[in-house]
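Just below is one structure, and these are the notes that go with it.
Derivation of every value follows stated rules applied to the coordinates shown; laboratory data play no part. In this text, all values refer to a predicted model and were calculated from it rather than measured experimentally. Glycine gets a Cβ as well: all are built from the backbone with ideal geometry, and neighbour counts include every protein chain shown.
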Amino acid sequence: MALVKAGVVVLDCAEPEKLAVFYKELLAAEETEATANRVEIRGADGFRLAFRRDVNATPPSWPRPENSLQAHIDFVVEDLDAVERKVVELGGRPLDTKDVAGPFEERGYADPAGHSFTVRTVTPTAPKQG
C-alpha cells in the first residue's frame, strides 16, 4: 500500500486567491479547496496545483541569476500563440527573449505573482545544459 495518496504542486505567493484565478482560467480548472491561506485547483486532466499565502514571498528572478529559478511548471499545449494571448490577457508576461519571428517548441512566462512556467508543443529536444 502506498504511503502517499496524492501530490500537489504548491506555489507560495502573497495573494493565493488572485493567483488561483489566473491558473483556473489558463487551465480551465476548478477550485477544489480554499482556506484562509491556501487555494487548490484541479485541471480537467487531474493536474493539481495549490497556492499558499506567504506575505514575504519573493518571486523568482529567472532568467536573471539572483534569486533565480526555484521551480517551474511545464504545460503541453497545441497552439503556442493562442496560449500566449491568454497568458497576457490574464496578467502573465513572457520571459523568453527569443526572436519571435519563427516557431519554437517552447516559451517561458511568469504568472502574475512572478512564478515561471513553460508551455511547449513537443518534448524538448535541446541539448543538455551544464
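Some observations on this one:
- In sequence order, segment 25-34 has phi-based couplings of 5, 5, 9, 6, 9, 10, 6, 10, 7, 8 Hz under the Karplus curve 6.51 cos²θ - 1.76 cosθ + 1.60, θ = phi - 60°, and Gly or Pro positions carry x.
- Distance between the pseudo-spin-label points of Ala36 and Ala14 (7 Å out from Cα toward the beta carbon): 2.0 nm.
- Sites Leu27 and Asn56, calculated FRET efficiency, Cβ-Cβ separation with R0 25 Å, nearest 0.05: 0.40
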